[in-house]
């Protein structure tokens, strides 16, 4: 009998952790989810822009911000095919596209929550203080506030334009698009950006919206008209969807940050759960760009009526010969 070589057992706690399972799953999961979201987001947000664009001027205060939310969601929708390809082939689109896709994603996440905050404040002022903002606030004032929102979002996305890079990752065996910092400052930058994103892109705006909608809900309940106030119900559903899509991602980012700071011990099983969680929750956040039009279509009676009118107008504009049966 020949000699049988025996190797010492490797302690699972000290063995190097691999991401093979997460990588293999993401190559199927990412393209499938983002392809569906791209089609739904493109059609849905395009219809929202078409319907709002047909409304007579001057727009209501809310219409202006809903239009901008649709623009932001449509821009993010255009980035989804790039992300889908990256899951299967790596980043093959070059450095400039990498920076632009990252910046657009950051601008969308901030602009959506900022515009939702503006809408909640508008509803608060209209319902609690009985202010008709579309009479008191002139169109230039609305444009100015909108410009300030987008300037703030662009400022927060400058980090992506500066630091995001397309570089070869040996562990992935492909070029990836990611934020690239100097080795000595990488953790400080990463944790700092996560804190800014959580505070300004989630927690503080959510706190403002919670206070506004609590007061609005209380006032409408007192007047027994909450069930008839459709605009508030739709905005509340949009807000809940935003929280459901982005809160899990911030939760996993928080756990990952604790692990990087050493407050949570590293463990391969835990890291695998964390990697799968980040993949799922970040995808949920990005897919949010296609959900708002579905809310309008399912809950908005006015939107449904205008959508029906839009298709009837399109049908009337078709040449008579194209409508004749062959």
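List of remarks:
- Taken over the stretch 230-258, the criterion of being more than 17 Å from residue 119 (Cβ to Cβ) and out of contact with any helix residue (DSSP H, G or I) (no Cβ under 7 Å at 6 or more places or on another chain) is satisfied by 244, 247, 251, 254, 258.
- Residue match in the stretch 166-184 (condition: in a helix (DSSP H, G or I), at pLDDT 90 or above, within 24 Å of the chain's Cα centre (by Cα) and under 30 Å from residue 102 (Cβ atoms)): no
- The lone exception for residue 63 - which of (1) within 17 Å of the chain's Cα centre (by Cα); (2) without any contact (Cβ under 8 Å) to a residue 60 or more places away in the chain; (3) farther than 30 Å from residue 277 by Cβ it fails: (1)
- Residue list for the stretch 124-144, filter: surrounded by 14 or more Cβ atoms within 10 Å (Cβ to Cβ) and modelled with pLDDT of 80 or more: 124
- Considering the stretch 256-265, and only residues there that are surrounded by fewer than 17 Cβ atoms within 10 Å (Cβ to Cβ) and in contact (Cβ under 8 Å) with a residue 24 or more places away in the chain, the residue that is nearest to residue 84 (Cα to Cα) turns out to be 260.
- Residue in the stretch 287-308 that is at pLDDT below 90, out of contact with any helix residue (DSSP H, G or I) (no Cβ under 8 Å at 6 or more places or on another chain) and either surrounded by 14 or more Cβ atoms within 10 Å (Cβ to Cβ) or not in a helix (DSSP H, G or I) (or both) present: no
The values are calculated or read from the model by the stated rules, or taken from the named source; none is laboratory data. Here the structure is a predicted model, which means the values were calculated and not measured. Backbone-built Cβ (ideal geometry, glycine too); neighbour counts: all protein chains shown.
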